[in-house]
Amino acid sequence: MVYLFHENAGKERFSIKGEDFKYLIKVRRHNVGDALAFRSKEDIKTLHIYRLSEIEPRSASFELVSSKIFEVKAKQKLHIGWCVIDSKSVEKVLASLNEVGVDKITFIYCERSQKNFKADFKRYERIIEASNQQCGRTELMEFDICKNIESFIEENPDTKVFDFTNKTLECESNFQTVLIGCEGGFSPKEKALLSALEVFRLNTPMILRSESASVAVASRILL
């Protein structure tokens, strides 16, 4: 853990209990005198260092040592337009996408998306918060939903498309929005719609699952 979110971060003194107490004292085994980092979601850019001043049976107290603006974020932004897949598959790679530095994910209902799959934004946000605390990132990934690919392209005309093609993604490639299909790929109608855009693939003979493609493309662009 690089830091811990707490609603009272920034105050001169505060106490923790419940799950935070269990994690820091019982699991991480911090002792009186240890210095720990906290941030608040309302002012995530500010890093607060506290000294653990007292441990009681079910709570622990902290005293503020210092506060400063300290941001940790990707060097550039990447927006993924991701055709809707099973939410469980998204959850498996969401922390990895956050660690890589993806700025935003818009989930799109394409023709081959199963309509019963629903993006659980509240659960995604909890995963991102836990990931931020582990990797140190000081931005919260954004989530959005779009009714179809046509609407997404209208809103993001500079989108690049990941699909089967002869063109491979170059090492020096630099773009801000990418579209990734669901399992089964894009329909013929969607391929026709996307034909005017730049389409690329990764330099691999293997067929990637949608979630694998999202991590691979994001890593190639951002790292």
Check your understanding: Do any GluC sites (Glu not before Pro) in region 1-82 lie in a DSSP loop with no more than 12 other beta carbon atoms within 10 Å, and if so, which?
Key -> E7, E12, E42, E71
Practice item. For L4, list long-range residues whose amide hydrogen, built 1.01 Å from N in the peptide plane, is under 5 Å from its own amide hydrogen. Key: A37, F38, R39
Revision key, fill the gap. Distance in nm between V32 and K75 label points, each 7 Å along Cα→Cβ, equals 4.7 nm
Review point. With r defined as the distance between the Cβ atoms of S61 and A95 and R0 fixed at 41 Å, what FRET efficiency is calculated, to the nearest 0.05?
Key: 0.85
Exercise for review: Can you check how the C-alpha radius of gyration of region 4-69 compares to 2.2 N^0.38 Å, as a plain ratio?
Suggested key: 1.02
Study note, to complete from the structure: Between the Cα axis of helix 121-135 and the main Cα principal axis of the chain, the angle (0 to 90°, nearest 10) is 60 degrees
Review point. GNM on the chain, C-alpha springs below 10 Å: top fluctuator among G33, G181, G136?
Key: G33
Revision key, fill the gap. Low-density loop chymotrypsin sites (Phe, Trp or Tyr not before Pro), region 61-102, at most 16 other Cβ within 10 Å, DSSP non-H/G/I/E/B, are F70
Practice item. Check the straight Cα-Cα distances from K26 and name the lysines below 22 Å, setting aside those fewer than 8 residues away within the same chain. Key: K17
Practice item. With no solvent and one equal point scatterer placed on each C-alpha of region 1-129, evaluate the Debye formula and give log10 I(q)/I(0) for q = 0.12 Å⁻¹, two decimals. Key: -0.61
Exercise for review: State to the nearest 20 debye the size of the charge dipole of the chain about its Cα centre, where the only charges are +1 on K and R beta carbons and -1 on D and E beta carbons.
Suggested key: 580 debye
**Study point:** Value in Å of the Kirkwood radius, where region 60-132 supplies the Cα pairs that are averaged
**Key:** 14.5 Å
Check your understanding: Given the alpha-carbon gyration tensor of the chain, what are the semi-axes of its equivalent ellipsoid in whole angstrom, ordered largest first, with each equal to the square root of 5 times an eigenvalue?
Key -> 41, 17, 14
Practice item. May I ask you to sort Y124, Y3 by Cβ crowding, counting other Cβ atoms within 10 Å and putting the fewest first? Key: Y124, Y3
Review point. For the charge dipole of the chain, defined by +1 on Lys and Arg C-beta atoms and -1 on Asp and Glu C-beta atoms about the Cα centroid, which residue among S59, F152, H48 has the Cα displaced farthest towards the positive pole?
Key: S59
Practice item. Could you let me know the centre-to-centre spacing of region 171-223 and region 23-41, using Cα atoms, in angstrom? Key: 41 Å
Study note, to complete from the structure: Most exposed to least, judged by fewest other Cβ atoms within 10 Å, S96, S66 sort to S66, S96
Point to revise | Cleavage-rule hits, GluC sites (Glu not before Pro), region 127-223, DSSP coil, Cβ neighbours within 10 Å at most 16 | key: E170, E172, E183, E198
Revision key, fill the gap. Kirkwood radius from Cα pairs of region 180-223 plugged into Stokes-Einstein at 20 °C, 1.002 mPa s, gives D in µm²/s equal to 183 µm²/s
Check your understanding: So what is the relative contact order of the chain, in percent, for Cα pairs below 8 Å that sit 6 or more residues apart?
Key -> 20 percent
**Study point:** Per-pair calculated FRET efficiency, R0 = 25 Å: Y23 and C135 via Cβ, rounded to 0.05
**Key:** 0.90
Point to revise | Sites N148 and T168, calculated FRET efficiency, Cβ-Cβ separation with R0 22 Å, nearest 0.05 | key: 0.20
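The numbers here are math on the coordinates, done by the rules we state, and not lab data. Note that the structure is predicted; figures quoted are calculated from it, not measured. No Cβ is skipped: glycine too gets one built from the backbone with ideal geometry, and neighbour counts run over all protein chains shown.
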